[in-house]
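Worksheet: one structure, shown below.
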Amino acid sequence: MKLNRHILRDILKDRAVFENIEPRYLSDTLGRLKGFAEALVFPDSTQEVSEILRYAYENGIPVTPRGAGTNLVGSTVPVKGGIILDLSKMNRILELDRETFTATVEPGVVLEDFQAYVEQEGFFYPPDPGEKTATIGGNISTNAGGMRAVKYGVTRDYVRGLEIVLANGEVLNIGSKNVKDASGLSLKNLIIGSEGTLAVITKCVLKLIPKPEASVSALVPYEDLKTGISNVLSIIQADANPTAIEFVERKVIKLGEDFLGIQYPHRDAGSYIILTFDGHKAEVAANAERVKTLVLQNGALDFIVLDDPAVAADIWKVRGALVKAVEAVSEQEPVDIVVPVNQTAEFIAFINQLEQESGMQMVSFGHAGDGNVHLCVVRGDRGEAVWQAELKHNMEKAYGKAYELGGLTSGEHGIGISKRHYFQRETAPANLFVMNQIKDALDERHILNDQKSYITAR
């Protein structure tokens, strides 16, 4: 059915666009996967979201929810046209409840703004994915992880409750401020990580913790990556409780240095482990000292405490900019495969061997503490046909090795469009069948973000 502009204008007033929709709204942050749409709308309330969805559902009009558009796998691409539902205007922090250690926010609140706000109030929101300009709603929709997951867990661990709007416009409140909940099915946990395929999030009740008294980072250079990665399990087993354990090869850091004009120490190193410790001051100092002794006994070239905040910020800035640094040099395919933490070294060794055999550059770094390996598979000067053929061939091998080691398709980016083939190939048909039954139950007409992630063709 053709979209009725008058109905959307009545709901949204002047917050609906029908002509000349900017290209960025038709894609994700990479801008390579392109969609199309008849309308781009900016609701300002749950009521407006409900009215839009009710209208779309009754008329079979596809809807693609989006936040800041920082997604890397095409989850925000409107592949079936219809309405783009941009929730960035719903960006209010509604409540800080000091007694229950929770905050209630709208989905369009930007992560870095929320973290800064709660820290000013003496609280801490641990989920810390690399893209700080993402929205809270987007983080929940992909169950974002990030660098602090090794100590604090992922976004799912900090969502207490949600207000959601189903595809037919019905509003539900799921979860609550309570710490424990054994009361029926956890509908909240169905929505977390569902990439906008089951419902639209309109409010989020988030768990907070007290702000740590102190935090310190350290840079540990190694002669090669294998030695560094082999230390990771020892660090975890030492009960030093690191907040973050990141690994990165020297050749990758060089890209970040050139991109930002910042230099790492120990440029003779083959790889680095970057660590953070937080908590009470005495605890932080003791844990850092314990790890220092451990790594120096096991092949580390140095243990550099980054006690100057400016230096620490530069070190982490380079780590955080690696994807953009690679993208500045060449088109690349971002991958976030996750393997069991004790298999990280073997998987990285396999990737390095695959890089040598294929001649395709594969930049690897990531979260050593939880086995989440980030790859930038670099196009270089390949023509389109050669690039697509070689990329598919090499990704089949990389994902195949990950699955062989007990790994999974994605640790935090989600599946979207670009990882759909690998996910559906590996996932048991019975599992996909159950996922699609849930989709059918909540969105019988498949208007919400259809043809993404687990959703099979009808």
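The values are calculated or read from the model by the stated rules, or taken from the named source; none is laboratory data. Small disclaimer: the values here were computed from a predicted structure and weren't measured. Neighbour counts run over all protein chains shown; Cβ positions are idealised from the backbone, glycine included. Ligands, DNA and RNA are excluded from the accessible area calculation, which covers all protein heavy atoms including side chains. Shrake-Rupley method; radii C 1.70, N 1.55, O 1.52, S 1.80 Å.
A compact table of results
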read-out	value
Equivalent-ellipsoid semi-axes of the range 49-100, from the Cα gyration tensor, Å, largest first	27, 17, 8
Residue-level accessible surface for V171, protein heavy atoms, 1.4 Å, Å²	60
Nearest-0.05 FRET efficiency for K254 and E404, computed from C-beta distance (R0 30 Å)	0.45
Cut-off under 5 Å, modelled amide H: who pairs with S271 long-range	Y222, D224, R250
Amide proton proximity set for L306, modelled H, under 5 Å, gap of 5+	S217, A218, L219
The range 195-274: radius of gyration and largest Cα-Cα distance (Dmax), Å	18.0, 51
Overall Cα dimensions of the range 167-230, principal axis frame, Å, largest first	57, 31, 23
Intensity falloff of the range 261-332 expressed as log10 I(q)/I(0), Debye formula with alpha-carbon point scatterers, at q = 0.16, 0.29 Å⁻¹	-0.71, -1.39
Nonlocal amide H pairs with D450, under 5 Å, H built at 1.01 Å	V63
Cross-link pairs K2/K89; K80/K188; K151/K188; K132/K188; K2/K177 - those with Cα-Cα distance over 30 Å	K2/K177
Largest-first ordering by accessible area, 1.4 Å probe, given options K226, K89, K401, K207	K226, K89, K207, K401
Overall Cα dimensions of the chain - principal axes, largest extent first, Å	69, 58, 43
Computed [θ] at 222 nm, helices only, for the chain once each DSSP H run of length n ≥ 4 contributes -39500 (n - 2.57)	-11000 deg cm²/dmol
Tail beyond 16 Å, pair distance distribution of the range 1-106 (Cα, percent)	59
In sequence order, calculated HN-Hα J values of the range 180-190 (Karplus, 6.51, -1.76, 1.60; Hz; x Gly/Pro)	9, 7, 10, 10, x, 5, 7, 4, 3, 6, 5
Cα point-scatterer Debye curve for the range 1-46, base-10 log of I(q)/I(0) at q = 0.22, 0.25, 0.31 Å⁻¹	-0.82, -0.94, -1.12
Between the range 352-382 and the range 249-312, the alpha-carbon center distance in angstrom	22
Violating pairs (Cα-Cα greater than 23 angstrom) within the set K34/K392; K34/K324; K226/K392	K226/K392
Label-point gap, in nm, between L96 and A313 - each point 7 angstrom along Cα→Cβ	2.1
Accessible area of the range 302-455 belonging to carbon and sulfur atoms, whole % at 1.4 Å probe	55
Rounded to whole Hz, the Karplus (6.51, -1.76, 1.60) HN-Hα couplings of the range 160-173, x for glycine and proline	8, x, 9, 9, 10, 10, 6, 4, 8, x, 6, 9, 10, 10
